[in-house]
Amino acid sequence: MFRILLIRPGTTEFDQQRRIQGTLDIPLSETGRREVDEAIEKLRDQSLDAIYTCPCQSARQTAEALGSALSMKPKTLDKLQNLNQGLWQGMLVDDVKKKQPKVYRQWQDQPETVCPPEGETLSTAKDRVQAVVAKLMKKHKSEGVVAIVVPEPLASVVLNVLRHDELGDLWQRKQEAASWDVLDVLPQAVGA
């Protein structure tokens, strides 16, 4: 069976400020580095075949710290880039709520029906996630355990694709920094 350890990076200053990060390249904050160190202590006994990360700095820093602890070198996958939130990137969540209350509410309740201005739809992100997981399953011959380090909201998209979880309020999930999920993936779940 193919297993994914889906790891969220530690907190960034944008997370602490409740800013929309999207594809912006923000490093871990001091709090984020501590969160990652604590998570690594709990993950130290994991037997992994590979560590993959999205290209953003916080995810790479998290993956590199985990790789160092496990004597592994993470591989960056550009297709795991976080959800592009277009012109919302860098804005405070509260500013979007004030300036575009209807769109904000729709994003909370039905994010798959909203495309941020000049951003990416969730269906496009889902297609990227499915392609990456199918490729990893093929590479690892549909068995083994790999870690994938991606921030929210892409981590929620991965969960949605593999477990058909509800997407819910994608901006509230930022509070789950340095957390992880263990996902057993069946080939039919990704069309592999």
Selection from the stretch 42-66 of residues that are farther than 20 Å from G144 by Cβ, at pLDDT 95 or above and assigned to a helix (DSSP H, G or I): Q57, S58, A59, R60, Q61, T62, E64, A65
Among (1) buried (at least 18 other Cβ atoms within 10 Å of the Cβ); (2) more than 25 Å from I40 (Cα to Cα); (3) out of contact with any helix residue (DSSP H, G or I) (no Cβ under 8 Å at 6 or more places or on another chain), there is one condition L136 misses while meeting the rest; what is its number? (2)
Could you figure out which of (1) over 15 Å from the mean Cα position of the chain (by Cα); (2) buried (at least 16 other Cβ atoms within 10 Å of the Cβ); (3) among the acidic types (D, E) isn't true of E118? (2)
Mind checking whether some residue in the stretch 97-106 is at pLDDT 90 or above, within 30 Å of K42 (Cβ to Cβ) and not in a loop (DSSP other than H, G, I, E, B)? no
Can you pull out the residues in the stretch 67-82 that are in contact with a helix residue (DSSP H, G or I) (Cβ under 7 Å, 6 or more places away or on another chain) and either closer than 24 Å to Q130 by Cα or not in a helix (DSSP H, G or I) (or both)? K73, P74, T76, L77, K79, L80, N82
Any idea which residue in the stretch 1-38 is farthest from W180 (Cα to Cα), counting only those that are among the aliphatic types (A, V, I, L, M) and not in a loop (DSSP other than H, G, I, E, B)? L28
Single residue of the stretch 81-115 satisfying the filter (over 21 Å from V161 (Cβ atoms) and within 20 Å of the chain's Cα centre (by Cα)) that is surrounded by the most Cβ atoms within 10 Å (Cβ to Cβ): W88
Identify the residue in the stretch 148-179 that is farther than 20 Å from P27 by Cβ and small (G, A, S) and, among all such residues, is modelled with the lowest pLDDT. G168
Output yes when any residue across the stretch 115-133 is in a helix (DSSP H, G or I), touching a strand residue (DSSP E or B) at 6+ places or on another chain (Cβ under 9 Å), over 23 Å from T31 (Cβ atoms) and free of Cβ contacts under 8 Å to residues at least 12 places away in the same chain, and no when none is. no
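The values are calculated or read from the model by the stated rules, or taken from the named source; none is laboratory data. All figures in this text were calculated on a predicted structure; none of them were measured in a lab. As a convention, Cβ positions derive from the backbone with ideal geometry for all residues, glycine included, and neighbour counts pool all protein chains shown.
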